[in-house]
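The values are calculated or read from the model by the stated rules, or taken from the named source; none is laboratory data. From a predicted model like this one, the values you see are computed outputs, not experimental measurements. Glycine also receives a Cβ, built like all others from the backbone with ideal geometry; neighbour counts cover every protein chain displayed. For accessibility, only protein heavy atoms count, side chains too; no ligands or nucleic acids. Shrake-Rupley method; radii C 1.70, N 1.55, O 1.52, S 1.80 Å.
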Amino acid sequence: MAISKLKSSTQTLQKSNAAPATRRRKPLPRSVYSKEEREEMFRRFSIQRPEPKGELEHVNPFTLVVAVALSAQATDAGVNKATRELFKIADTPEKMLALGEDGVIAHIRTIGLFRNKAKNVIALCRMLIDEFGSEVPRTREELVRLPGVGRKTANVVMSMAFGVPTMAVDTHVFRIANRIKLAPGNTPDDVEDILMRVIPEHYLYHAHHWLILHGRYTCKARRAECERCVIADICKYPGKSNDIPAPLVELPPQVIGI
(Lines give C-alpha, C1' and ligand atoms only; values in the text may rest on other atoms or scores of the structure.)
Protein backbone atom coordinates (compact mmCIF):
# COMPACT_ATOMS: atom_id res chain seq x y z
CA MET A 1 0.00 0.00 0.00
CA ALA A 2 2.78 2.41 0.90
CA ILE A 3 4.51 1.73 -2.43
CA SER A 4 1.23 2.30 -4.29
CA LYS A 5 0.69 5.65 -2.54
CA LEU A 6 4.28 6.67 -3.28
CA LYS A 7 3.86 5.88 -6.97
CA SER A 8 0.61 7.81 -7.06
CA SER A 9 2.18 10.85 -5.39
CA THR A 10 5.17 10.72 -7.74
CA GLN A 11 2.94 10.52 -10.79
CA THR A 12 0.88 13.49 -9.57
CA LEU A 13 4.04 15.55 -8.99
CA GLN A 14 5.37 14.66 -12.44
CA LYS A 15 2.11 15.74 -14.08
CA SER A 16 2.14 18.97 -12.07
CA ASN A 17 5.71 19.77 -13.07
CA ALA A 18 5.03 18.95 -16.71
CA ALA A 19 1.88 21.05 -16.90
CA PRO A 20 3.48 24.48 -17.51
CA ALA A 21 5.42 23.17 -20.49
CA THR A 22 2.33 21.74 -22.16
CA ARG A 23 -0.24 24.32 -21.06
CA ARG A 24 -1.40 26.46 -23.95
CA ARG A 25 -1.84 30.19 -23.56
CA LYS A 26 -5.43 31.32 -23.76
CA PRO A 27 -6.09 32.66 -27.28
CA LEU A 28 -6.13 36.44 -27.50
CA PRO A 29 -9.34 38.22 -28.60
CA ARG A 30 -9.59 39.07 -32.26
CA SER A 31 -9.82 42.50 -33.85
CA VAL A 32 -13.34 43.15 -35.15
CA TYR A 33 -11.94 44.86 -38.26
CA SER A 34 -11.26 43.15 -41.56
CA LYS A 35 -7.85 43.39 -43.22
CA GLU A 36 -9.31 45.91 -45.69
CA GLU A 37 -10.76 48.05 -42.89
CA ARG A 38 -7.46 48.10 -41.00
CA GLU A 39 -5.61 49.06 -44.16
CA GLU A 40 -8.01 51.95 -44.79
CA MET A 41 -7.89 53.09 -41.16
CA PHE A 42 -4.12 53.51 -41.13
CA ARG A 43 -4.06 54.89 -44.66
CA ARG A 44 -6.19 57.77 -43.43
CA PHE A 45 -4.01 58.29 -40.36
CA SER A 46 -0.97 58.42 -42.67
CA ILE A 47 -2.57 61.17 -44.76
CA GLN A 48 -3.67 63.12 -41.70
CA ARG A 49 -0.23 62.94 -40.05
CA PRO A 50 2.44 61.82 -42.58
CA GLU A 51 5.29 62.17 -40.07
CA PRO A 52 3.91 61.86 -36.54
CA LYS A 53 6.29 62.58 -33.69
CA GLY A 54 6.49 61.79 -30.02
CA GLU A 55 5.88 64.87 -27.91
CA LEU A 56 8.61 64.37 -25.30
CA GLU A 57 11.54 66.75 -25.76
CA HIS A 58 14.97 65.10 -25.91
CA VAL A 59 18.34 65.66 -27.53
CA ASN A 60 19.75 62.11 -27.73
CA PRO A 61 18.86 58.50 -26.82
CA PHE A 62 19.95 59.05 -23.21
CA THR A 63 17.69 62.05 -22.60
CA LEU A 64 14.89 60.18 -24.40
CA VAL A 65 15.06 57.18 -22.08
CA VAL A 66 15.11 59.52 -19.07
CA ALA A 67 12.15 61.55 -20.38
CA VAL A 68 10.05 58.47 -21.11
CA ALA A 69 10.83 56.99 -17.70
CA LEU A 70 9.80 60.27 -16.06
CA SER A 71 6.54 60.38 -18.06
CA ALA A 72 4.92 57.52 -16.12
CA GLN A 73 1.76 58.94 -14.48
CA ALA A 74 2.65 62.38 -15.84
CA THR A 75 1.84 64.39 -18.94
CA ASP A 76 4.35 64.97 -21.74
CA ALA A 77 3.89 68.72 -21.30
CA GLY A 78 4.68 68.46 -17.60
CA VAL A 79 7.79 66.36 -18.25
CA ASN A 80 8.98 68.76 -20.94
CA LYS A 81 8.62 71.71 -18.60
CA ALA A 82 10.64 69.92 -15.92
CA THR A 83 13.38 68.53 -18.14
CA ARG A 84 13.97 71.51 -20.42
CA GLU A 85 16.60 73.02 -18.14
CA LEU A 86 17.75 69.66 -16.78
CA PHE A 87 18.80 68.38 -20.21
CA LYS A 88 20.71 71.59 -20.92
CA ILE A 89 23.13 70.77 -18.12
CA ALA A 90 22.88 66.97 -17.98
CA ASP A 91 22.62 65.32 -21.40
CA THR A 92 24.91 62.37 -20.62
CA PRO A 93 24.87 59.72 -17.87
CA GLU A 94 28.06 61.18 -16.37
CA LYS A 95 26.64 64.71 -16.11
CA MET A 96 23.36 63.44 -14.67
CA LEU A 97 25.17 61.26 -12.14
CA ALA A 98 27.24 64.28 -11.07
CA LEU A 99 24.03 66.12 -10.16
CA GLY A 100 23.04 63.39 -7.71
CA GLU A 101 19.51 62.65 -6.56
CA ASP A 102 19.04 66.06 -4.96
CA GLY A 103 20.16 67.83 -8.11
CA VAL A 104 17.73 65.82 -10.23
CA ILE A 105 14.92 66.39 -7.74
CA ALA A 106 15.48 70.15 -7.93
CA HIS A 107 14.48 70.00 -11.60
CA ILE A 108 11.69 67.38 -11.56
CA ARG A 109 9.84 68.05 -8.31
CA THR A 110 6.76 69.17 -10.29
CA ILE A 111 6.42 65.63 -11.67
CA GLY A 112 4.50 62.97 -9.74
CA LEU A 113 6.59 60.46 -7.77
CA PHE A 114 9.62 62.69 -8.30
CA ARG A 115 11.71 61.25 -5.44
CA ASN A 116 11.47 57.67 -6.63
CA LYS A 117 11.99 58.75 -10.24
CA ALA A 118 15.12 60.70 -9.31
CA LYS A 119 16.49 57.63 -7.55
CA ASN A 120 15.81 55.53 -10.66
CA VAL A 121 17.45 58.09 -12.96
CA ILE A 122 20.65 58.04 -10.90
CA ALA A 123 20.65 54.23 -10.75
CA LEU A 124 19.99 54.12 -14.50
CA CYS A 125 23.01 56.36 -15.12
CA ARG A 126 25.25 54.13 -13.01
CA MET A 127 24.18 51.05 -14.95
CA LEU A 128 24.67 52.75 -18.30
CA ILE A 129 28.20 53.79 -17.29
CA ASP A 130 29.20 50.52 -15.63
CA GLU A 131 27.61 48.01 -18.01
CA PHE A 132 26.96 49.72 -21.34
CA GLY A 133 29.85 52.13 -21.84
CA SER A 134 27.52 55.11 -21.28
CA GLU A 135 25.51 54.12 -24.37
CA VAL A 136 21.78 53.39 -24.34
CA PRO A 137 21.33 49.72 -25.32
CA ARG A 138 19.34 48.92 -28.45
CA THR A 139 17.53 45.72 -27.45
CA ARG A 140 14.38 45.40 -25.38
CA GLU A 141 15.97 42.76 -23.18
CA GLU A 142 18.77 45.13 -22.19
CA LEU A 143 16.63 48.23 -21.93
CA VAL A 144 14.16 46.73 -19.45
CA ARG A 145 17.06 45.95 -17.12
CA LEU A 146 17.54 49.68 -16.58
CA PRO A 147 15.95 51.02 -13.37
CA GLY A 148 12.58 52.63 -14.04
CA VAL A 149 12.38 51.25 -17.58
CA GLY A 150 9.51 48.92 -18.44
CA ARG A 151 8.37 47.38 -21.70
CA LYS A 152 6.52 50.51 -22.84
CA THR A 153 9.54 52.74 -22.25
CA ALA A 154 11.79 50.25 -24.02
CA ASN A 155 9.48 50.16 -27.04
CA VAL A 156 9.38 53.96 -27.26
CA VAL A 157 13.18 54.19 -27.12
CA MET A 158 13.65 51.42 -29.68
CA SER A 159 11.27 53.17 -32.06
CA MET A 160 12.20 56.82 -31.60
CA ALA A 161 15.92 56.46 -31.01
CA PHE A 162 16.79 53.46 -33.16
CA GLY A 163 14.05 53.21 -35.79
CA VAL A 164 12.73 49.80 -34.75
CA PRO A 165 9.01 49.25 -35.52
CA THR A 166 7.47 48.58 -32.10
CA MET A 167 4.13 49.15 -30.41
CA ALA A 168 4.36 51.17 -27.20
CA VAL A 169 1.07 50.71 -25.35
CA ASP A 170 0.46 53.69 -23.11
CA THR A 171 -2.88 54.72 -21.59
CA HIS A 172 -4.05 56.31 -24.85
CA VAL A 173 -3.23 53.29 -27.00
CA PHE A 174 -4.72 50.88 -24.45
CA ARG A 175 -7.94 52.90 -24.30
CA ILE A 176 -8.27 53.32 -28.06
CA ALA A 177 -7.48 49.68 -28.82
CA ASN A 178 -10.24 48.53 -26.47
CA ARG A 179 -12.75 51.32 -27.10
CA ILE A 180 -12.91 50.88 -30.87
CA LYS A 181 -12.23 47.12 -30.60
CA LEU A 182 -9.17 47.27 -32.80
CA ALA A 183 -7.20 45.17 -30.31
CA PRO A 184 -9.36 44.26 -27.31
CA GLY A 185 -7.14 43.03 -24.49
CA ASN A 186 -7.08 42.93 -20.70
CA THR A 187 -3.43 43.96 -20.35
CA PRO A 188 -1.02 46.24 -22.23
CA ASP A 189 0.99 43.17 -23.26
CA ASP A 190 -2.10 41.54 -24.76
CA VAL A 191 -2.99 44.73 -26.63
CA GLU A 192 0.58 45.00 -27.90
CA ASP A 193 0.54 41.41 -29.15
CA ILE A 194 -2.74 41.92 -31.01
CA LEU A 195 -1.74 45.27 -32.53
CA MET A 196 1.55 43.86 -33.79
CA ARG A 197 -0.46 41.19 -35.61
CA VAL A 198 -3.29 43.30 -37.04
CA ILE A 199 -1.62 46.58 -38.08
CA PRO A 200 -0.49 46.44 -41.72
CA GLU A 201 3.28 46.00 -41.70
CA HIS A 202 3.97 49.02 -43.92
CA TYR A 203 2.22 51.28 -41.39
CA LEU A 204 3.69 49.74 -38.25
CA TYR A 205 6.59 52.15 -37.75
CA HIS A 206 4.34 55.19 -37.17
CA ALA A 207 1.29 53.31 -35.85
CA HIS A 208 1.83 53.83 -32.12
CA HIS A 209 2.22 57.59 -32.62
CA TRP A 210 -0.92 57.74 -34.76
CA LEU A 211 -2.90 55.92 -32.09
CA ILE A 212 -1.45 58.01 -29.24
CA LEU A 213 -2.21 61.29 -31.01
CA HIS A 214 -5.67 60.09 -32.04
CA GLY A 215 -6.41 59.28 -28.40
CA ARG A 216 -4.91 62.50 -27.09
CA TYR A 217 -6.62 64.92 -29.47
CA THR A 218 -9.69 63.22 -30.98
CA CYS A 219 -10.85 60.02 -29.28
CA LYS A 220 -10.36 61.55 -25.84
CA ALA A 221 -10.84 59.78 -22.52
CA ARG A 222 -13.69 61.97 -21.29
CA ARG A 223 -15.54 62.15 -24.61
CA ALA A 224 -14.74 60.82 -28.03
CA GLU A 225 -14.97 63.76 -30.43
CA CYS A 226 -16.41 61.65 -33.24
CA GLU A 227 -17.28 64.71 -35.32
CA ARG A 228 -13.53 65.32 -35.75
CA CYS A 229 -12.63 61.70 -36.51
CA VAL A 230 -11.34 60.67 -39.94
CA ILE A 231 -12.31 57.03 -39.34
CA ALA A 232 -15.81 57.67 -37.98
CA ASP A 233 -17.43 55.58 -40.71
CA ILE A 234 -15.10 52.62 -40.10
CA CYS A 235 -15.01 52.82 -36.31
CA LYS A 236 -16.95 50.15 -34.42
CA TYR A 237 -17.06 51.91 -31.05
CA PRO A 238 -20.60 51.19 -29.75
CA GLY A 239 -20.85 54.62 -28.16
CA LYS A 240 -19.76 56.71 -31.11
CA SER A 241 -21.89 59.78 -31.83
CA ASN A 242 -21.19 60.21 -35.53
CA ASP A 243 -20.82 58.04 -38.64
CA ILE A 244 -19.57 60.70 -41.04
CA PRO A 245 -15.77 60.96 -41.25
CA ALA A 246 -14.11 64.32 -40.85
CA PRO A 247 -12.44 65.76 -43.97
CA LEU A 248 -9.26 63.84 -44.74
CA VAL A 249 -6.67 66.60 -44.87
CA GLU A 250 -3.12 66.83 -43.60
CA LEU A 251 -2.99 68.51 -40.20
CA PRO A 252 -0.57 71.36 -39.47
CA PRO A 253 2.90 70.20 -38.38
CA GLN A 254 3.20 69.27 -34.74
CA VAL A 255 4.75 71.91 -32.53
CA ILE A 256 6.75 70.24 -29.77
CA GLY A 257 7.76 71.97 -26.57
CA ILE A 258 5.06 74.59 -26.09
Do we have any residue at all in segment 78-86 that's exposed (fewer than 15 other Cβ atoms within 10 Å of the Cβ) and in a loop (DSSP other than H, G, I, E, B)? no
Failed item, numbered, when Val164 is tested on (1) assigned to a loop (DSSP other than H, G, I, E, B); (2) under 30 Å from Met96 (Cβ atoms); (3) touching a residue at least 40 places away in the same chain (Cβ under 8 Å); (4) open to solvent by 10 Å² or more (accessible area, probe 1.4 Å): (3)
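Can you tell me which residues in segment 88-103 are out of contact with any Ser or Thr (no Cβ under 8 Å at 6 or more places or on another chain) and under 14 Å from His58 (Cβ atoms)?
Residues of segment 88-103 that are out of contact with any Ser or Thr (no Cβ under 8 Å at 6 or more places or on another chain), as a first pass: 88-90, 95-103.
Lys88, Ala90, Met96 - these are the residues of segment 88-103 that are out of contact with any Ser or Thr (no Cβ under 8 Å at 6 or more places or on another chain) and under 14 Å from His58 (Cβ atoms).
Determine which member of the set Pro137, Pro147 is assigned to a loop (DSSP other than H, G, I, E, B), free of Cβ contacts under 8 Å to residues at least 24 places away in the same chain and either open to solvent by less than 60 Å² (accessible area, probe 1.4 Å) or among the hydrophobic types (A, V, I, L, M, F, W, C) (or both). Step through it out loud before you land on a result.
On the way: Pro147 fails: free of Cβ contacts under 8 Å to residues at least 24 places away in the same chain.
Of the residues listed, the single one that is assigned to a loop (DSSP other than H, G, I, E, B), free of Cβ contacts under 8 Å to residues at least 24 places away in the same chain and either open to solvent by less than 60 Å² (accessible area, probe 1.4 Å) or among the hydrophobic types (A, V, I, L, M, F, W, C) (or both) is Pro137.
Determine whether segment 226-235 contains at least one residue that is within 24 Å of Thr83 (Cβ to Cβ), open to solvent by less than 60 Å² (accessible area, probe 1.4 Å), part of a helix (DSSP H, G or I) and not polar (S, T, N, Q).
At the first step, the residues of segment 226-235 found to be within 24 Å of Thr83 (Cβ to Cβ) are none.
Within segment 226-235, not a single residue is within 24 Å of Thr83 (Cβ to Cβ), open to solvent by less than 60 Å² (accessible area, probe 1.4 Å), part of a helix (DSSP H, G or I) and not polar (S, T, N, Q).
Restricting attention to segment 212-225, which residues are buried (at least 17 other Cβ atoms within 10 Å of the Cβ) and either touching a strand residue (DSSP E or B) at 6+ places or on another chain (Cβ under 9 Å) or in a loop (DSSP other than H, G, I, E, B) (or both)? Give the derivation first.
So in segment 212-225, the residues buried (at least 17 other Cβ atoms within 10 Å of the Cβ) come out as 212-216, 218-219, 224.
Once the filter is applied, which keeps residues that are buried (at least 17 other Cβ atoms within 10 Å of the Cβ) and either touching a strand residue (DSSP E or B) at 6+ places or on another chain (Cβ under 9 Å) or in a loop (DSSP other than H, G, I, E, B) (or both), segment 212-225 yields only Thr218.
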Among the residues of segment 82-101, are any under 17 Å from Leu213 (Cα atoms) and of a type in the set (Val, Ile, Thr)? no
I'm told Glu142 meets every condition in (1) in contact with an Asp or Glu (Cβ under 8 Å, 6 or more places away or on another chain); (2) surrounded by fewer than 16 Cβ atoms within 10 Å (Cβ to Cβ); (3) not hydroxyl-bearing (Ser, Thr, Tyr) except one. Can you identify the failing condition by its number? (1)
Which residues, taken from segment 112-148, are modelled with pLDDT under 95 and aliphatic (A, V, I, L, M)? Leu113
Please verify whether segment 188-209 includes one or more residues that are touching a Pro at 6+ places or on another chain (Cβ under 7 Å), closer than 20 Å to Ala246 by Cα and buried (at least 17 other Cβ atoms within 10 Å of the Cβ). yes
Could you check how many residues of segment 40-68 are assigned to a helix (DSSP H, G or I), within 17 Å of Ile212 (Cα to Cα) and open to solvent by 20 Å² or more (accessible area, probe 1.4 Å)? 5
Does Val156 satisfy the condition of being part of a helix (DSSP H, G or I), β-branched (Val, Ile, Thr) and either within 16 Å of Pro52 (Cβ to Cβ) or under 17 Å from the mean Cα position of the chain (by Cα) (or both)? yes
